[in-house]
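Down below is the structure, laid out as structure tokens.
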Amino acid sequence: MHLIKKLTQVATLIFTILIVIRMLSGLEVSNQMLWQLLFVALIASLMKVVMFKETLFNYHWAYQLGYLFLIWLSLLIFGMFFKWHMTLGDAAMNLLLVFFIYGIIRVINYRQDKIEVDQMNDYLKKKRRKKEA
């Protein structure tokens with residue numbers, strides 16, 4: 001069950017970022033494109049969950065870079081499979097997009113971790129106060 005939860009969390013985040021980027025850039029957002037992007041997000045999420053048992057950011061930067069390269073390579077393969085007609089410039093832009101999405105996810109995870117740590121600290125402070133009283 002934990003695997004499915006992790007898979008859907010990461011896929012939802014990737015999918016949402018992809019849709020927002022497409023909408024902000026004025027690119028097509030048809031039903032077919034939504035399904036294709038959802039499939040790409042699920043595959044990226046599945047690769048992450050299978051390759052990294054813990055948080056991706058806990059691993060050496062070379063592993064993270066390798067994962068990002070695999071994501072980019074999968075985008076190129078999906079581009080051929082879904083007939084997205086990507087040019088060399090599109091392929092380069094997708095590489096930048098992979099790094100951009102990685103950065104956004106990293107910031108979101110950092111903020112979430114910070115919130116959780118603050119909540120745990122508050123809980124521990126309350127517990128200490130109860131023991132002292």
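The values are calculated or read from the model by the stated rules, or taken from the named source; none is laboratory data. Because the structure is a prediction, the values reported are computed rather than measured. As a convention, Cβ positions derive from the backbone with ideal geometry for all residues, glycine included, and neighbour counts pool all protein chains shown.
Can you run down the residue pairs with Cβ atoms below 8 Å, 6 or more apart or on separate chains, where the first is in the range 32-47 and without any contact (Cβ under 8 Å) to a residue 24 or more places away in the chain and the partner is surrounded by fewer than 16 Cβ atoms within 10 Å (Cβ to Cβ) and assigned to a helix (DSSP H, G or I)? Qualifying pairs under 8 Å: M33/R22; L37/R22.
The residue list F78, F39, F57 contains one member that is in a helix (DSSP H, G or I), at pLDDT below 85 and aromatic (F, W, Y), which is F57. Contact map, the range 61-84: first residue farther than 15 Å from Q32 by Cα, second residue among the polar types (S, T, N, Q) and assigned to a helix (DSSP H, G or I), Cβ cut-off under 9 Å, separation 6 or more or different chains; pairs are W72/N94; L75/N94; L76/N94. Scan the range 107-119 and tell me whether some residue there is within 24 Å of I19 (Cα to Cα) and surrounded by 12 or more Cβ atoms within 10 Å (Cβ to Cβ). Yes - at least one qualifying residue is present in the range 107-119. Checking every residue in the range 11-23 against the condition of being modelled with pLDDT under 80, under 27 Å from D113 (Cβ atoms) and either among the aromatic types (F, W, Y) or surrounded by 12 or more Cβ atoms within 10 Å (Cβ to Cβ) (or both) gives zero matches. In this structure, L34 does not satisfy being more than 20 Å from A11 (Cα to Cα) and modelled with pLDDT of 80 or more.
Against the definition (at pLDDT below 85, among the aliphatic types (A, V, I, L, M) and either under 19 Å from I43 (Cα atoms) or not in a helix (DSSP H, G or I) (or both)), how does I105 come out, yes or no? For I105, the condition - at pLDDT below 85, among the aliphatic types (A, V, I, L, M) and either under 19 Å from I43 (Cα atoms) or not in a helix (DSSP H, G or I) (or both) - is met.
Considering the range 64-98, and only residues there that are loosely packed, with under 13 Cβ neighbours inside 10 Å and of a type in the set (F, W, Y), the residue that is farthest from the chain's Cα centre (by Cα) turns out to be F81.
Just to be sure before I move on: is I115 aliphatic (A, V, I, L, M) and touching a residue at least 40 places away in the same chain (Cβ under 8 Å) in the structure I sent? For I115, the condition - aliphatic (A, V, I, L, M) and touching a residue at least 40 places away in the same chain (Cβ under 8 Å) - is not met.
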